[in-house]
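Read through the structure below, which is laid out as structure tokens, and then see the notes.
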Amino acid sequence: MPKPRILVLGSSNTDMIIKLARIPRPGETLLGGKFTTAAGGKGANQAVAAARAGGDVAFIARLGKDMFGDQALAGFKADKIDTRHILRDAKTPSGVALIFVAGSGENSIAVASGANARLTPADVRAAEAAFPGSKALVMQLETPLPTVAAAAKLAKKHGVAVILNPAPAPSEKLPPALLRLVSILTPNETEAELLTGIKVTDDTSAREAAQALLAQGVETVIITLGAKGAYLHNARTSGLIPGRKVKAVDTTAAGDTFNGALAVALAEGRDLPGAIRFANAAAALSVTRLGAQPSAPARAEIERFLK
Ligand code: ATP
């Protein structure tokens, strides 16, 4: 079976992580940290997860013309991602996240979106050739909303299903004109609450929040519930698809792995519950390993785990 074509639009960041005893206070210099870098950014994480899960992925993004951008691009190529629609910005640095992780596990994160914030609707229109023949367009909210909306419109024009992961949590409700173009919305519990005002604590409240999102124009809602799995709701079906039991080591990018794998499974023709089971398995594998992109599993691992 040929790999299904998946389009991902979104952010790419380099995460720079310092682990130290505690998070420095304003004005304080703290020695003794351990430094690591990791490829991140929700768009890039989802593109990599989809490619490893078996998708023929094209990524629409904007990187700076700097060392971080070069490294990110090399990573995408290593995962056989189509990078023809990744723009390089000579005026703005690549996105970075500076992350402090304390011994207690508490963290503090500062993000400079850089080139991600300069991905425009015109950039999306320039990448229109990537839309026909794609089975799904996967997006998040780390790039400007007008850009996301422009891509959703193009997806509609070319009959491409839109999967929108409304993360990081939006500060206000999303425009109804955008939600009406979304086939599948995939908030986590916090995002579902922010978008609906309904606190998600159990199946009943998950269903209520999902129903409120359906009323805003979305076709299908999948609320991810961490280790519990994911709650599926649309006009035809509603229910929890339980997560897989694993020993969690690092849940960074669990949601991103879920979204990338979900897109591939749906594009291959699995039904919604089947695609969610595949995505739950991929995401569970990712939480057993450290890091964002390094933790996304390969197709063969997901299949072995599903058996
Ligand atoms: P993150 O922000 O860490 O990327 P998220 O908050 O967007 O994650 P979650 O709902 O926490 O998303 O997790 C997404 C999916 O990952 C879940 O639906 C589930 O399939 C899987 N998952 C997350 N945590 C665990 C866990 N501890 N054990 C097994 N599966 C997990």
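Below are the figures for this structure:
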{"item": "Normalised contact order of the chain, rounded percent, pairs of Cα under 8 Å and 6 or more residues apart", "result": "18"}
{"item": "5 Å-binned pair-distance histogram of segment 242-307 (Cα, whole percent)", "result": "4, 22, 31, 27, 12, 4, 0"}
{"item": "Contour excess over end-to-end distance, with Cα ends at ALA112 and LYS228 and 0.36 nm allotted per residue", "result": "38.5 nm"}
{"item": "Restraint check, LYS77/LYS247; LYS42/LYS247; LYS173/LYS247, Cα-Cα greater than 27 Å", "result": "LYS77/LYS247; LYS173/LYS247"}
{"item": "Fraction of antiparallel bridges per DSSP, the chain only, in percent to nearest 5", "result": "45"}
{"item": "Projected-area average for segment 53-136 over all orientations - Cα convex hull basis, square nanometres", "result": "7.4"}
{"item": "Cα Rg, Dmax (largest Cα-Cα span) when computed across segment 89-142, Å", "result": "16.3, 48"}
{"item": "Paramagnetic label zone (point 7 Å from Cα along Cα-to-C-beta, LEU290; backbone N under 14 Å) in segment 3-29", "result": "16-20"}
{"item": "Computed Rg/Rh of segment 1-148, alpha carbon atoms with Kirkwood Rh", "result": "1.04"}
{"item": "Cleavage-rule hits, trypsin sites (Lys or Arg not before Pro), segment 173-271, DSSP coil, Cβ neighbours within 10 Å at most 15", "result": "LYS173, ARG180, LYS199, ARG236, LYS245, LYS247"}
{"item": "Longest exposed-site-free window of the chain, the sites being GluC sites (Glu not before Pro) in a DSSP loop that have at most 10 other C-beta atoms within 10 Å", "result": "173-307"}
{"item": "Protein accessible area in the chain, 1.4 Å probe - carbon and sulfur %", "result": "56"}
{"item": "Label-zone membership for segment 255-277, site VAL246, 7 angstrom Cα→C-beta point, backbone N under 19 Å", "result": "255-266, 274-277"}
{"item": "Distribution of pairwise C-alpha distances over segment 1-40, 10 Å bins, in %", "result": "21, 29, 23, 14, 10, 3"}
{"item": "Solvent-accessible area per residue, Å², over the chain with all protein chains present [probe radius 1.4 Å]", "result": "45"}
{"item": "Ratio of the Cα radius of gyration of segment 106-216 to 2.2 N^0.38 Å, where N counts its residues", "result": "1.15"}
{"item": "Scattering curve values for segment 231-270, log₁₀ I(q)/I(0), Debye with Cα scatterers, q = 0.28, 0.32 Å⁻¹", "result": "-1.12, -1.09"}
{"item": "Average Cα contact separation per residue, segment 99-235, under 8 Å, 6 or more apart, as relative contact order %", "result": "16"}
{"item": "Per-q log10 I(q)/I(0), segment 145-264, q = 0.10, 0.18 Å⁻¹ (Debye; single scatterer per alpha-carbon; no solvent)", "result": "-0.29, -0.93"}
{"item": "Within segment 190-302: Cβ-based charge dipole about Cα centre, in debye rounded to nearest 20 (Lys, Arg +1; Asp, Glu -1)", "result": "360"}
{"item": "Pairs of alpha carbons in the chain whose separation is greater than 33 Å (percent)", "result": "19"}
{"item": "Links that overshoot a 21 Å alpha carbon limit, given the list LYS3/LYS135; LYS135/LYS156; LYS65/LYS157", "result": "LYS65/LYS157"}
{"item": "Mean projection area, nm², convex hull over Cα of segment 164-218", "result": "3.2"}
{"item": "LYS65 paired with GLU28, simple spin-label distance in nm, labels 7 Å along Cα-to-beta-carbon", "result": "4.2"}
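The values are calculated or read from the model by the stated rules, or taken from the named source; none is laboratory data. Given the structure is predicted, the values throughout are model-derived calculations rather than measurements. A quick note on method: Cβ atoms are made from the backbone with ideal geometry, for glycine too, and the neighbour counts reach across all protein chains shown. The accessibility values were calculated without ligands, DNA or RNA, using every heavy atom of the protein model including side chains. Shrake-Rupley method; radii C 1.70, N 1.55, O 1.52, S 1.80 Å.
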